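Presented below is the structure to which this report refers.
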Amino acid sequence: MIAIVIDEYDMAISHYVNDLDFILVEESALSPEKRWVVVAPSLQGAKILLAKAATDQQKAAIGNSTGGRVGFFLYTTNFTETYETYKSRGIEFIEKPRQEAYGQVVVFKDKYGNKWDLIEQR
């Protein structure tokens, strides 16, 4: 599991579940201010802990957990359908889809500015 720093739980859940079609795996209250929220693109593979920023240093890291590089990789079995669905939901793509030796790929940003590769392998 990896953590992505977010600013607010409900908006983050909505983004990952409704916009990116992730699954809400777990959600529980740890305190009045803190929740344990886990989402995943599927039940196999990596899961993401949505970690609400609690300090100024953490807030400054929202959307920049990898220093501006692509840090997350989302695999699909239907690139065109996933790409078009995401576009229709307002997901920001920072380039046009391209073919690489390993398959079709395009970079997009999540709601927070984190960069992701959307990939369909050959």
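Note on the range 4-36: residues that are touching a Ser or Thr at 6+ places or on another chain (Cβ under 8 Å), of a type outside the set (D, E) and in contact (Cβ under 8 Å) with a residue 24 or more places away in the chain total 3. Which residue is surrounded by the fewest Cβ atoms within 10 Å (Cβ to Cβ), if the candidates are limited to the range 1-40 and must be small (G, A, S) and under 22 Å from G67 (Cβ atoms)? Once the filter is applied, the top-ranked residue is A3.
Specify which of the listed residues (K59, K47, K96, K52) is out of contact with any His (no Cβ under 9 Å at 6 or more places or on another chain) and free of Cβ contacts under 8 Å to residues at least 24 places away in the same chain. Step through it out loud before you land on a result.
Details: K59 fails: free of Cβ contacts under 8 Å to residues at least 24 places away in the same chain; K47 fails: free of Cβ contacts under 8 Å to residues at least 24 places away in the same chain; K52 fails: free of Cβ contacts under 8 Å to residues at least 24 places away in the same chain.
Testing whether each residue is out of contact with any His (no Cβ under 9 Å at 6 or more places or on another chain) and free of Cβ contacts under 8 Å to residues at least 24 places away in the same chain leaves just K96.
Residues that are under 15 Å from P41 (Cβ atoms) and outside any loop (DSSP other than H, G, I, E, B) were ranked within the range 87-122; the one that is nearest to the chain's Cα centre (by Cα) is W116.
Loosely packed, with under 15 Cβ neighbours inside 10 Å, within 15 Å of H15 (Cβ to Cβ) and not assigned by TED's automatic domain parsing to the domain that holds A12, is that true of R89?
Values: loosely packed, with under 15 Cβ neighbours inside 10 Å: yes; within 15 Å of H15 (Cβ to Cβ): yes; not assigned by TED's automatic domain parsing to the domain that holds A12: yes.
It is true that R89 is loosely packed, with under 15 Cβ neighbours inside 10 Å, within 15 Å of H15 (Cβ to Cβ) and not assigned by TED's automatic domain parsing to the domain that holds A12.
Of all residues in the range 69-86, those satisfying the criterion of being farther than 13 Å from G45 by Cβ and in a strand (DSSP E or B) are V70, G71. Taking the criterion of being farther than 22 Å from I119 by Cβ and touching a strand residue (DSSP E or B) at 6+ places or on another chain (Cβ under 8 Å), the residues of the range 60-80 that qualify are A61, I62. Looking for something of a type in the set (A, V, I, L, M), surrounded by fewer than 13 Cβ atoms within 10 Å (Cβ to Cβ) and in contact with a strand residue (DSSP E or B) (Cβ under 6 Å, 6 or more places away or on another chain) - is there at least one such residue anywhere in the range 92-105? Among the residues of the range 92-105, at least one is of a type in the set (A, V, I, L, M), surrounded by fewer than 13 Cβ atoms within 10 Å (Cβ to Cβ) and in contact with a strand residue (DSSP E or B) (Cβ under 6 Å, 6 or more places away or on another chain), which makes the answer yes. For the range 52-68, a tally of residues being part of a loop (DSSP other than H, G, I, E, B), polar (S, T, N, Q) and surrounded by 11 or more Cβ atoms within 10 Å (Cβ to Cβ) returns 3.
Yes or no: E120 within 19 Å of N18 (Cβ to Cβ) and of a type in the set (D, E, K, R)? No.
The values are calculated or read from the model by the stated rules, or taken from the named source; none is laboratory data. Owing to the predicted nature of the structure, the values given are computational and were not obtained by experimental measurement. Reconstructed Cβ throughout: ideal geometry from the backbone, glycine too, with neighbour counts over all protein chains shown.
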